[in-house]
Amino acid sequence: MTCQIANVRLWQAVVVQAIADATTMGDHARKDREQARAWLMQPNGDLEEVCVNAALDPRTVRAEAARLIAEADMKPKRGKKVAQIIHYDGLSLTIAEWAERSGISANTLHQRVRNGWPVERMLTEHAQLSGRGQRKSGGGYLPTSVDRLGTGGGSSAQDCS
């Protein structure tokens, strides 16, 4: 590789890094992001000089940088929760809306989604209470038929009644 080619690649790397800085999200990168965006988007002699040394057209660099910045700004931010939509029985609702509609807590529904429950079961089976009066976590559910519940004392307890 000749010295001239290496020099061009070095200046191209400067442009690539500026675009990476301009499109990096997160509070930790805010200052670098703002500086890189100003350098790329506002007319300045430094960008013009870097583009000449990188054998790039400054207008093309600005246009591509603007496109990539807009694309990065449209992506959901890390740490920001995006409401998950559940489709069932002809309705498309968020987990919070399904919780309100079904009477099952949103936390329980989130846990069921994470555990891979089928949608119908997730939205129709109510949580079963454990022996201490707390709801069971995980796969516990209340059967729909009361006679399937039993007394909890086994068959000998049923014989005594």
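To the nearest 0.05, how large is the calculated FRET efficiency for ARG59 and THR24 if R₀ is 30 Å and r is the Cβ-Cβ distance?
On the way: r = 24 Å, r/R0 = 0.79.
Plugging the Cβ-Cβ distance into 1/(1 + (r/R0)^6) gives 0.80.
Obtain the nm distance between the two label points defined at GLN84 and ASN115 by a simple spin-label model: each point lies 7 Å from its Cα along the Cα-to-C-beta direction.
Computed distance between label sites GLN84 and ASN115 equals 1.3 nm.
Could you derive backbone 3J(HN,Hα) for the stretch 2-11 from the dihedral phi with the Karplus parameters 6.51, -1.76 and 1.60 (θ = phi - 60°), listing whole Hz in sequence and x where the residue is Gly or Pro?
6, 4, 5, 5, 4, 5, 4, 5, 4, 5
Every number here is computed from the coordinates shown, using simple stated rules; none is lab data. Given the structure is predicted, the values throughout are model-derived calculations rather than measurements. Neighbour counts run over all protein chains shown; Cβ positions are idealised from the backbone, glycine included.
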